[in-house]
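Engineer: Encoded as structure tokens, here's the structure I'll be asking about.
Every read-out reported here was derived from the displayed coordinates using simple, explicitly stated rules and does not represent laboratory data. Just so you know, these numbers come straight off a predicted model, no measurement behind them. Glycine gets a Cβ as well: all are built from the backbone with ideal geometry, and neighbour counts include every protein chain shown.
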Amino acid sequence: MVASPLLPPAGASSRAFIAPSVVEGQQHLFHQHDTLNIATRITLQSAGAGLLVSAVQNALDRHDRGAMGIFTRTGGTIGLFAGMGFMYSFTQSYVANLREKDDSLNGAAGGCAAGFLAGVRARSFPMAVGACAGLGAVIGTFDAAGASLAGDGRQDLSRKEREQLRLSFFKQPKEAATEEAA
């Protein structure tokens, strides 16, 4: 069997390929998430985003409904956004409480649930499964990569610290590793 550069070596621990959720050497204590409180807050926020999108849809379409078209013509958008926000946040916090871990798999499960709901709205089971897989993969990857579009603050480190961090990322040759240990 040919080794793939994308897969871990056979027999190797997969733990090295998952980004740690805490700084190495520190103990992480799990705290229970208030599932319904989080889900309610996120549902209201995503319903507000859905209201904004519905208003834009209403403004761009030609019709004779007036401003009430936000609710009568494109109001389903508000419900979809609210439902997806609820499914994501509820599933994410429920899975975190069930597993007693805060990691990227919780976000992947929440993304899968929200994507499945979007596919159900399209009345297509294959689309629901595909949206589940796609949104779950995107959100899980985003969470595993640090859950930030701004980076992790490495730019604030001094040049020497960044160089040490960069060098510690790569494998050291065996002779260099034995010299450092001595």
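Engineer: So between Q155 and L98, what do we pick up on full extension, going 0.36 nm a residue minus the alpha carbon distance?
Structural biologist: Using 0.36 nm per residue and subtracting the Cα-Cα distance, I get 16.9 nm.
Engineer: Against the globular-protein guess of 2.2 N^0.38 Å, express the Cα radius of gyration of region 35-146 as a ratio, rounded to two decimals.
Structural biologist: The reported ratio for this selection is 1.18.
Engineer: Output the peptides 54-61, 136-143, 80-87 sorted from most to least packed, where packing is the average of other Cβ atoms within 10 Å over each peptide's residues.
Structural biologist: 80-87, 136-143, 54-61
Engineer: From Cα pairs below 8 angstrom and at least 6 apart in sequence, can you work out the relative contact order of region 35-146, rounded to a whole percent?
Structural biologist: 24 percent
Engineer: How long is the gain from F125 to R162 if the chain were fully straight, where each residue apart is worth 0.36 nm and the alpha carbon distance is subtracted? Can you show the working numbers first?
Structural biologist: Details: separation 37, 0.36 × 37 = 13.32 nm, distance 4.78 nm.
Full extension from F125 to R162 adds 8.5 nm.
Engineer: Right, next: Calculate the FRET efficiency for S148 and L60 from the Cβ-Cβ distance with a Förster distance of 41 Å, rounded to the nearest 0.05.
Structural biologist: Taking R0 as 41 Å, the efficiency between S148 and L60 is 0.80.
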